[in-house]
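Heads up, the thing below is written out as structure tokens.
The values are calculated or read from the model by the stated rules, or taken from the named source; none is laboratory data. Just so we're clear, the structure is a prediction, and the values are computed from it rather than from any experiment. Cβ atoms come from the backbone with ideal geometry, glycine included; neighbour counts cover every protein chain shown.
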Amino acid sequence: MVKTLALTPTSSILWSAQHGGLMNVWAHLPIDVIGGPFCRMHRAMKAAMPPEPPQIRTATPDDVTHLVTVVHAAYRDPDDRGWTTEADLLGGQRIDAAMLEEILGSPGTTVLVAETDGRIVGCGAVSLGDPPTATFGMFAVHPTHQGLAIGHQLLEAAEQRAAESGCVAMDLDVIDIRTELIAWYGRRGYVPTGATKPFPYGDRRFGIPRRDDLRFTTLSKRLSGP
């Protein structure tokens, strides 16, 4: 049964008790429409509702400054200590504009960005330079948007891009003492290959190490067809 609730002389809301009812309608209304004693209820329901999925798109040179900000917030900024931070392992920068411009201009490499409300909140780069294996990197989600499955959606988009290009596997490198990050990738199908790579000590573009035992471990996942 459909009912009509008159909110103002010029507006009404149709709602169905079988599809969320009046509460669901209120949660979607702008607060200036509701007013009165329902304001606090409206705010609470808006906060409890699941966020809209981000828009995933290909980065452009105009995104460079925003991407540097997101990457540094995720890995270096001590004031935004999301679970991905490396601030206890590395100081200095994680990336800069020149490095990002080089990545954007690399043949076979695509940088994906996640946007919510027109703001870049995540990114990842997939390189198809050596098929049939793609490489994933520059993965970051701003601490204010971690825990919302944005990273998972970015990773899936990168895997889809790689599979559609004919790649059958995707590799990525993680600092081997980042056990929580390795576990996160493991839950998404990535397994250690046994291969390791040295950390680029002495190259301050990648940060200033706070310890002398850093190295990368390589994880890999078999991809489904397009």
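The table below gives the values:
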item: For residue 220: the one exception among (1) free of Cβ contacts under 8 Å to residues at least 60 places away in the same chain; (2) part of a strand (DSSP E or B); result: (1)
item: Qualifying residue in region 58-67 (condition: in contact (Cβ under 8 Å) with a residue 60 or more places away in the chain, in the same structural domain as residue 177 (by TED's automatic domain parsing), not in a helix (DSSP H, G or I) and not aromatic (Phe, Trp, Tyr)); result: yes
item: Exclusive hit being under 27 Å from residue 155 (Cβ atoms) and either in the same structural domain as residue 155 (by TED's automatic domain parsing) or at pLDDT below 75 (or both), set 49, 23, 45, 41; result: 49
item: Selection within region 52-89 - more than 19 Å from residue 105 (Cα to Cα), in contact with a strand residue (DSSP E or B) (Cβ under 6 Å, 6 or more places away or on another chain) and of a type in the set (A, V, I, L, M); result: 56, 70, 74
item: Failed item in (1) closer than 25 Å to residue 76 by Cα; (2) in contact (Cβ under 8 Å) with a residue 24 or more places away in the chain, with residue 193 passing the rest; result: (1)
item: Odd one out for residue 121, checked against (1) touching a residue at least 60 places away in the same chain (Cβ under 8 Å); (2) aliphatic (A, V, I, L, M); (3) touching a Cys at 6+ places or on another chain (Cβ under 7 Å); result: (3)
item: Flag if residue 161 is basic (Lys, Arg), over 16 Å from residue 219 (Cα atoms) and in contact with a Ser or Thr (Cβ under 9 Å, 6 or more places away or on another chain); result: yes
item: Pairs, first in contact (Cβ under 8 Å) with a residue 40 or more places away in the chain and buried (at least 16 other Cβ atoms within 10 Å of the Cβ) in region 77-91, second among the small types (Gly, Ala, Ser) and in a loop (DSSP other than H, G, I, E, B), C-beta under 6 Å, six or more apart; result: 90/207
